[in-house]
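What follows is a single structure, written as structure tokens, with notes after it.
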Amino acid sequence: MDALVDAAHDRSPKVRTAAAENPSTPPDVLARLVEDDRWQVRFAVAENPSLEACRIALSCTDPDVRGLAAQRDDVSTAQVEQILEDPAHSVRERLAEAATDEGVLRRLANDPHPLVRASVALNDAVPVDVLQALAQDGRARVRSAAAASRRLPYEALTPMGNDRSVEVQWHVLVSNPERLDLAAEIAEHPDTMNADQARTQLQHPEDFVWPQVDHRGIDRGSRDH
């Protein structure tokens with residue numbers, strides 16, 4: 001135990017990281033390490049398998065550490081509630097990415113921040129009815145994520161080819177290359193980038209066999225209309 005305490009005060013960040021990830025490190029020592037000036041040390045506390053380490057990481061001042069802890073599979077019900085109330089949307093995003101509980105996902109789907117809702121849309125565990133609701137979200141970023149999910153029913157995806165946002169149209173197009181009917185629609189749209197891509201997919205559909213895009217690459221500049 002004394003060796004772990006000494007390691008936590010070592011000048012070498014590698015040594016402090018080793019102490020931070022050791023499940024035998026005392027909680028008071030972990031509480032010090034979770035606020036270390038090196039991110040590697042702080043992250044090691046969040047990845048420490050002890051339950052105390054999880055609790056400590058969720059109280060860290062660094063939201064990246066709290067977000068990492070939010071993705072653990074051993075967070076308690078009380079800790080999930082704590083994460084749902086976290087002031088940093090990035091922490092709630094991490095929970096939205098990892099959650100499998102339907103009730104939690106439904107709550108996150110109503111989160112005030114669009115990036116959290118977008119993360120829910122890309123979670124394979126989200127119920128289809130929730131995904132369909134997100135496909136009609138007021139923010140293009142969220143609708144884009146729903147289009148990129150490849151889990152929308154045929155009839156729910158169809159109207160998105162004429163979405164008011166060219167960003168959404170783009171993700172309808174590149175994330176669902178088998179929907180040549182939507183590509184034909186988008187090929188006639190005024191946005192040059194979308195129209196050119198649609199014509200290319202129509203001319204060479206065999207070149208766009210799924211998967212060929214990153215579901216999470218939904219920025220496409222700032223084209224949020």
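The values are calculated or read from the model by the stated rules, or taken from the named source; none is laboratory data. Here the structure is a predicted model, which means the values were calculated and not measured. Quick reminder, even Gly has a Cβ in these numbers, built from the backbone with ideal geometry, and neighbours come from all protein chains shown. Accessible surface areas use protein heavy atoms only, side chains included; no ligands, DNA or RNA. Shrake-Rupley method; radii C 1.70, N 1.55, O 1.52, S 1.80 Å.
Listing for the model above:
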{"read-out": "For Arg139, solvent-accessible area (1.4 Å; no DNA, RNA or ligand), Å²", "value": "110 Å²"}
{"read-out": "Linear extension gain, Thr100 paired with Glu52, 0.36 nm per residue minus alpha-carbon span", "value": "15.0 nm"}
{"read-out": "FRET efficiency, Arg38 to Ser76 (Cβ-Cβ, R0 30 Å, nearest 0.05)", "value": "0.60"}
{"read-out": "Nitroxide proxy distance, nm - points 7 Å out along Cα→Cβ at Arg11 and Ala184", "value": "7.3 nm"}
{"read-out": "With DNA, RNA and ligands ignored, accessible area of Asp37 (1.4 Å probe; Å², nearest 10)", "value": "130 Å²"}
{"read-out": "Apportionment of accessible area to carbon and sulfur, the chain, percent (1.4 Å)", "value": "51 percent"}
{"read-out": "Relative contact order [Cα under 8 Å, 6+ residues apart], the chain, whole percent", "value": "10 percent"}
{"read-out": "Ratio Rg/Rh, restricted to the chain and using Cα atoms, in which Rh is the Kirkwood radius", "value": "1.12"}
{"read-out": "Per-residue [θ]222 nm for the chain (sum of -39500 (n - 2.57) over DSSP H runs n ≥ 4, rounded to 500)", "value": "-15500 deg cm²/dmol"}
{"read-out": "Distant alpha-carbon pairs in segment 80-180 (separation over 25 angstrom), percent", "value": "16 percent"}
{"read-out": "Karplus-derived 3J(HN,Hα), 6.51/-1.76/1.60, for each residue of segment 6-23, Hz, glycine and proline x", "value": "4, 5, 5, 9, 5, 5, 7, x, 5, 5, 5, 5, 4, 5, 5, 8, 7, x"}
{"read-out": "Whole-Hz ³J(HN,Hα) from phi, Karplus 6.51 cos²θ - 1.76 cosθ + 1.60, for segment 128-137, glycine and proline x", "value": "4, 5, 5, 4, 5, 5, 5, 5, 10, 4"}
{"read-out": "Distance from segment 1-61 to segment 147-206 (C-alpha centre basis), Å", "value": "48 Å"}
{"read-out": "Förster radius 41 Å - calculated FRET efficiency between Gln136 and Asp64, Cβ distance, rounded to 0.05", "value": "0.80"}
{"read-out": "Probe 1.4 Å, accessible area per residue of segment 1-152, Å²", "value": "47 Å²"}
{"read-out": "Choice from Ser90, Ser165, Ser76 with maximal GNM fluctuation in the chain (Cα, 10 Å cutoff)", "value": "Ser76"}
{"read-out": "Which of His9, His189 is most accessible, then next, and so on - probe 1.4 Å", "value": "His9, His189"}
{"read-out": "Highest average packing first - 199-208, 145-154, Cβ atoms within 10 Å", "value": "145-154, 199-208"}
